[in-house]
Each structure stands twice: as C-alpha cells, then as structure tokens.
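Below: the structure, in structure tokens.
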Amino acid sequence: MIITGKYPNLRLRRNRKRDWIRRLVQENNLSVNDLILPIFIIDGKNKVESIKSMPDVFRYSIDKIPTILDKAVKSKIPMVALFPYTNSKLKNSTGIEALNENNLVCKAIRLIKKKYKNNIGIMCDVALDPYTSHGHDGLLYKGKILNDETVEILIKQSLLQAEMGCDVIAPSDMMDGRIGKIRKSLDKNKFQDVQILSYAAKYASSFYGPFREAVGSNKSLKGDKKTYQMDFSNNQEALREIALDIKEGADLVMVKPGMPYLDIIRNIKDNFKIPVFAYQVSGEYSLIKNGINKKLINENSILESLIGFKRAGASAIVTYFADKIAKNL
Ligand code: PBG
C-alpha cells in the first residue's frame, strides 16, 4: 500500500472531523436490501408466543403470520426464512413429518404466496432436525448419521417445498453430495428457476442454542452435530465445501454462524465470485439483545454487528434483527 505523506502533513483525523465528511468517505453501509428475516411458526390459532431464550422474537401460528409479514413487506425486506416448531407428537426417528404437505412450513408457504404474491421471497431450510425425535438433521442409525439415505429424504423435502411455492431451497444439513442431487431432481421436475442457497460452511456451534429452544429440538438432541457440521478450528475446509457446492449447482452460499466467522466470509469472497450470505445466528442475537436490555451496550451495536458482515464481503444477512432495524435504515 502506498502512503503519500506523513505526519504532521498527513492527518487522517481530518476526514473524520464532521458527520458529513464521515458519510462521504464511508466505505460500507447497510440497507434493508441486505436483510433476511427468520420466522418461527407454531400450530394452533391466534398465537404469538414469546421464546424464552430469544427476547423480542416470537412463534406465530399460521393465521398470525400476517402480523409480521405485513411489516416485512411494507419495509421491503426482500426475503423471509421459515422455521417450524413441530409438535413432539409429530416427531419420529425418520422425521417423516418433513414430507407432509400439510406441515407448518408447507402451510405457511401457501399462505404467504397467496397473500403476498412475489412481493417477498421465501427461503426454507432443508434438514430433518425440526422433525426428528433425536433432533439430528439426518437419519440416525446405531449412533451414526447416515449420509446417502438422508439425502434421499432431503430431495423429497426440497421438491415438496418447491411445489408449495418456495423460492429458495436452503439445505442446512451438511450431508455430502446433497446439492447436486437436489439440483438434479428440481430440474427434472421443472423447477429450474428455484434457487439453491447452500449452508455450505456451517460449523458445529454453541451459538445455535436459543434456536434449538425456538424450534423445540433442544431437549431431544442426542449428542452433538460434529460428525456433519464443521470443526470451528477450520478455514481451508470451508473453501473445499464451498467449491464442491458451487460445482454441484448452488446459486448462493451461506456462512454460519456469523460474527466469529467473518474471516471465512472474506476468504470465500476473495476466492469465488458468488454471492455469500451470512447468518447472524440465535446465540449472537440473544447476546446482543440481552446486552442492550441490560444496558451493557447500546442499540448501535446492532448496526455495528451487521455492517461487520458487509465489510467482510457478505451480500446479505439472515438476522433476527431484520424487522427491528429495517425501519431505521
Ligand atoms: C437446522 C438449523 C439450525 C439453525 C438453522 N437451521 C440449528 C442447528 O443446526 O442445530 C440455527 C440457526 C440459529 O441458531 O439461529 N439445521
């Protein structure tokens, strides 16, 4: 890097002296176009239910989805991500409820598409954890998460979501080879326009804790997810995951969690020319939100955390702050 001049001729503080010049030289900013809002869905009627581990985040019954969707569409949030809280009576070891065309996610997709048309995108997780009694993303057999057998179910789950009207299929399961197989089956069934957002670099993380309470998989989860989600010590392995998923047909890739993995976002951005999305996960949300509520940090910490993703190279951010911050942007 060439630095021309030196102190006292050169004073970098000159470009910070007033708000107007700081705005002129600002390198990154956040707009509502960068935000994806996750929504938790629950069965029943007339329910907007709080979630203990996630202050100010709620589970909505299908009939109440408009209370949050109206706001999201009005503030021009480009996409929502749907997550179901499945009644434990509907869970079993194979997660078969994932393939029920009247499960919560399918009902929600139909309602949103009918009511809001194409004014907002819908993204759906592809993984079995909201539906399995053991809380894993795939089939569990003799203590092992089966790969190829799980992928066969994920293909069906993806097709069902596409049939319902889902715009973006987002496999978050970390099984090997699923992107290629899902792409192939979508194409074969005339869903060539349905995008795939691969959770390609997804780490086995402690920061998912509050989410697992939100979808009700926390109590049931047996063991950990380290045999399929990535080791948080690794960087190069993320590039291999990304390269494979791009080759298999991913349109977009995701890094998850967010804040501890900004280096991974930057590394992917520097090595591949593909949009990279970041997921500011539940644990990150709750830490910041609780910090604000306890007045340990102020509300600007939200914007600071989100612009960090932009600086690292993210095109968009999945964040539970999306609806809360959209009106201030
Ligand atoms: C499920 C899934 C998880 C999250 C999104 N999809 C949890 C997990 O893998 O255990 C976490 C999101 C969050 O913490 O906000 N495959």
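Computed quantities for the displayed model
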{"read-out": "Where labels lie 7 Å past Cα in the beta-carbon direction, separation of Lys226 and Thr4 in nm", "value": "5.4"}
{"read-out": "Over the chain, equivalent-ellipsoid semi-axes from the Cα gyration tensor in Å", "value": "34, 23, 20"}
{"read-out": "By accessible area with a 1.4 Å probe, ligands and nucleic acids excluded, highest first: order of Lys181, Lys89", "value": "Lys89, Lys181"}
{"read-out": "Sequence-distant lysines (8 or more away, or on other chains) whose Cα lies within less than 21 Å of Lys273", "value": "Lys202, Lys247, Lys256, Lys310"}
{"read-out": "Ranked order, Tyr7, Tyr85, Tyr279 - accessible area, probe 1.4 Å, largest first", "value": "Tyr7, Tyr85, Tyr279"}
{"read-out": "At 1.002 mPa s and 20 °C, Stokes diffusion of segment 1-109 via Kirkwood alpha-carbon radius, µm² per second", "value": "118"}
{"read-out": "Potential extension, Gln26-Glu49 segment - 0.36 nm per residue separation minus Cα distance", "value": "4.3 nm"}
{"read-out": "Heavy atoms of Glu304 accessible to a 1.4 Å probe, total area in Å² rounded to 10", "value": "140"}
{"read-out": "Segment 140-274: C-alpha pair distances exceeding 18 Å, %", "value": "58"}
{"read-out": "In Å², nearest 10: area of Asp34 left accessible to a 1.4 Å probe", "value": "20"}
{"read-out": "Volume per residue that the Cα convex hull of segment 272-329 spans, once the total is divided by residue count, Å³", "value": "84"}
{"read-out": "Convex hull volume per residue in cubic angstrom - Cα atoms of segment 48-88", "value": "87"}
{"read-out": "Solvent-accessible ranking of Arg14, Arg240, Arg23, Arg59, largest area first, probe 1.4 Å", "value": "Arg240, Arg23, Arg14, Arg59"}
{"read-out": "Amide hydrogen neighbours beyond the local backbone of Tyr320, cut-off 5 Å, H modeled", "value": "none"}
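The values are calculated or read from the model by the stated rules, or taken from the named source; none is laboratory data. Since the model is a prediction, treat every value here as computed from it, not as a measurement. Note that each Cβ is placed from the backbone with ideal geometry, even for glycine, and that neighbours are counted across all protein chains shown. Areas reflect the complete protein model, heavy atoms only, side chains present, ligands, DNA and RNA absent. Shrake-Rupley method; radii C 1.70, N 1.55, O 1.52, S 1.80 Å.
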